[in-house]
Amino acid sequence: GGWRAVFRLRRKVMGATVDKVFTLRDGHPFLYQEHIFSGGSGAISVAHHPMTAMHGGGRLAFSPKRLAVTPATPLEPDPARGRFMLAYPARATDLTHFPLAAGGT
């Protein structure tokens, strides 16, 4: 058992309907969140940047990352619009030693 709330963005994003889903599960100390893109076409970069307010203090915990991966081509391939430090494509299980575009880690 648990509780689930679904919110839909009023406007479409590149033709896609975007739903934000919050789920609370009985016995779980977490708020699960997901975004669902339905339909549409084209590429879009998506990121999750949680924000919190803990006026009385708090504690955040994160699971260890198993690996980091960059796609086959940079997200911004035009150097006039931006540059990148990471190698593309690349993969590393040690996040303190990720391959760089200029070589090395």
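Readers should treat all values here as calculations from the given coordinates under stated rules, not as data from a laboratory. Computed from a predicted model, the values in this text were never measured in an experiment. Cβ sites come from the backbone with ideal geometry, for glycine too, and all protein chains shown count toward neighbours.
Considering only Leu9, Phe62, Pro74, whose Cα is most displaced toward the positive end of the charge dipole of the chain, charges sitting on Cβ of Lys, Arg (+1) and Asp, Glu (-1)?
Positive-end residue among those listed: Leu9.
According to the square roots a ≥ b ≥ c of the eigenvalues of the Cα gyration tensor, what is the shape class of the stretch 64-105, taking rounded for a/c under 1.5, prolate for a/b larger than b/c otherwise, and oblate for the remainder?
Prolate shape, in that a/c is at least 1.5 and a/b is the bigger ratio.
Taking R0 as 25 Å, what FRET efficiency do you get between Ala102 and Val46 from their Cβ-Cβ distance, rounded to the nearest 0.05?
Efficiency, from the Cβ-Cβ distance: 0.35.
Describe numerically, in nm with one decimal, the distance between label points set 7 Å from Cα along Cα→Cβ at Asp26 and at Leu75.
Spacing of the two 7 Å Cα→Cβ label points: 4.0 nm.
Please work out how much length the chain gains when fully extended from Ala61 to Gln33, using 0.36 nm per residue of separation minus the C-alpha to C-alpha distance, in nm with one decimal.
8.5 nm
Pick out, in residue order, every one of the chymotrypsin sites (Phe, Trp or Tyr not before Pro) in the stretch 15-78 that is DSSP loop and has at most 13 other C-beta atoms within 10 Å; say none if there are none.
Sparse-neighbourhood loop chymotrypsin sites (Phe, Trp or Tyr not before Pro): Phe30, Phe62.
Given charges of +1 on the Cβ of Lys and Arg and -1 on the Cβ of Asp and Glu, with all other atoms neutral, how large is the dipole of the chain about its Cα centre, in debye to the nearest 20?
Once rounded to the nearest 20, the dipole reads 280 debye.
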